[in-house]
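K.L.:
The structure's right below; bear with me while I get my questions together.
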Amino acid sequence: MQNNDFPPVALDPDLPYDRIRELYLYEEPSLLASIRMGDRREAIRIINLLLVHIYSAGAERSELLKGLLLELVVMMSRAAVEAGAAQSEVLGMRFRHLTELAAIEDDEHLAAWLRESLVRIFEAVERR
């Protein structure tokens, strides 16, 4: 497992999503590398780290936060294609992810959706 040198995220009540985005951008290369290498444990660790900070932003779900998570899933999908997953399968998943995400209204379902998306992406890579 990688050591996380990112400082604790002190959320500004006026800008919580900016800090989450900073953390996401910091962790993105490690997350994508873990997908390319097939390292589920590391990818899940990073996803869980992001979810902890998303929860700390408060209970309010905004379209901005959903957009950030959709971007994360799209980036993970691209890494899966680079790792050998069938592009047609991954494109189908992206549409499914979008429709599922639009219906989510609470943190519990949002976290489950993100984890399930990661599992689907790993399974697509493993099928190749």
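Values in this text are rule-based calculations from the coordinates and carry no lab data. Nothing here was measured: the structure is a model prediction, and the numbers come from that model. So basically every Cβ, Gly included, is an ideal-geometry build from the backbone, and we count neighbours across all protein chains shown.
K.L.:
What's the local net charge at Leu91, with K and R +1, D and E -1, over the other residues with C-beta under 13 Å away?
P.N.:
+3
K.L.:
Could you give the size of the charge dipole of the range 73-127 about its Cα centre, using +1 on the Cβ of each K and R and -1 on the Cβ of each D and E, expressed in debye and rounded to the nearest 20?
P.N.:
In debye, rounded to 20, the range 73-127 gives about 320.
K.L.:
In debye, nearest 20: dipole of the range 16-126 around its Cα centre with unit charges on the Cβ of K, R (+) and D, E (-)?
P.N.:
Rounded to the nearest 20 debye, it is 240 debye.
K.L.:
Do any trypsin sites (Lys or Arg not before Pro) in the range 68-112 lie in a loop, going by DSSP, with at most 10 other beta-carbon atoms within 10 Å of their beta carbon, and if so which?
P.N.:
Here no trypsin sites (Lys or Arg not before Pro) fit, given the DSSP loop and packing criteria.
K.L.:
Right, another one. With unit charges on the beta carbons (Lys and Arg positive, Asp and Glu negative) and the dipole taken about the Cα centre of the range 16-126, which residue among Val73, Ala124, Phe95 sits farthest to the positive side?
P.N.:
Ala124
K.L.:
For Phe95 and Arg127 in the same chain, what is the full-extension length gain: residue separation times 0.36 nm, less their Cα-Cα distance, in nm?
P.N.:
9.6 nm
K.L.:
Now a separate question. Could you calculate, for the range 16-126, the ratio of the Cα radius of gyration to the Kirkwood radius, expressed as Rg to Rh?
P.N.:
Here the Rg-to-Rh quotient is 0.94.
K.L.:
Further question: Give, in nm to one decimal, the length gained when the segment between Val52 and Arg115 is fully stretched (0.36 nm per residue of separation minus the Cα-Cα distance).
P.N.:
21.4 nm
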